[in-house]
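The values are calculated or read from the model by the stated rules, or taken from the named source; none is laboratory data. Nothing here was measured: the structure is a model prediction, and the numbers come from that model. Heads up, the Cβs are rebuilt from the backbone with ideal geometry, glycines too, and the neighbour counts pull from every protein chain shown. What goes into the accessible areas is simple: the full protein's heavy atoms, side chains included, and nothing from ligands, DNA or RNA. Shrake-Rupley method; radii C 1.70, N 1.55, O 1.52, S 1.80 Å.
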Amino acid sequence: MIQRIQSVWLLLSALIIVLLSRLPIYVGNLGDGSIRELMTAERLHMMILALLLIIIPIFAIFLFKNRSAQKQLIWLHILLNLLLLLFFYMAKDAFLQGQEPKFVSSRYGISVIIPVLSIILDIMAFRGIRADEKLIKAADKFR
C-alpha cells in the first residue's frame, strides 16, 4: 500500500516525546533563590507512559499495509497523551504539597506543551491516512 506524509508525522510525534526526559514539567523558586524542577524521570508511571508514547507511533509506521490498525494506534496514542497531561497535573499537585519551605513562585515547564504537540501531529497523521484511503477507493473505482 502507500505510505506518505503520515510516516513523517508519526516519527515527529515519537521524537518530541523523547524531549520529556530532558525538560521540566514544573519549576518552582524557593525563598532562598534556589530552583526546584519536577522532571518526568522522577515518576515511574510517567516514565513508562512516555516510553509507550515513543514506541506506539514508531510501531504504527510499520503497519502501513493495515491502515485501520494504524488509525486505532493513533487514537490510542492521543488518549495516552491526554492521560500524560492528567499525570502532569497530579504530579504538580503532589510536588507543591510536599515542598518545605514553600515556593515563592512556580510555573509549568515547557514539557506540558509536548503532549499537545504530539496530539496535533497525530491528527495530521490520521488525516494523511484518511487521504490515502480516499485515494485507494478512487483508484479502485477505475478498475
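Things to note:
- Selection from region 93-127 of residues that are out of contact with any Pro (no Cβ under 9 Å at 6 or more places or on another chain) and at pLDDT 90 or above: V112, I113, I114, P115, V116, L117, I119, I120, I123, M124, F126, R127
- The condition of being farther than 15 Å from W9 by Cβ and of a type outside the set (D, E) holds for L84.
- Among residues of region 100-135, those that are within 18 Å of G28 (Cβ to Cβ) and of a type in the set (D, E), counted: 1
- Taking region 30-42 as the range and being over 11 Å from F95 (Cα atoms), touching a residue at least 24 places away in the same chain (Cβ under 8 Å) and open to solvent by less than 60 Å² (accessible area, probe 1.4 Å) as the test, the residues that pass are L30, T40.
- Single residue of Q72, Q97 found to be of a type outside the set (S, T, Y), within 30 Å of N29 (Cβ to Cβ) and open to solvent by 90 Å² or more (accessible area, probe 1.4 Å): Q97
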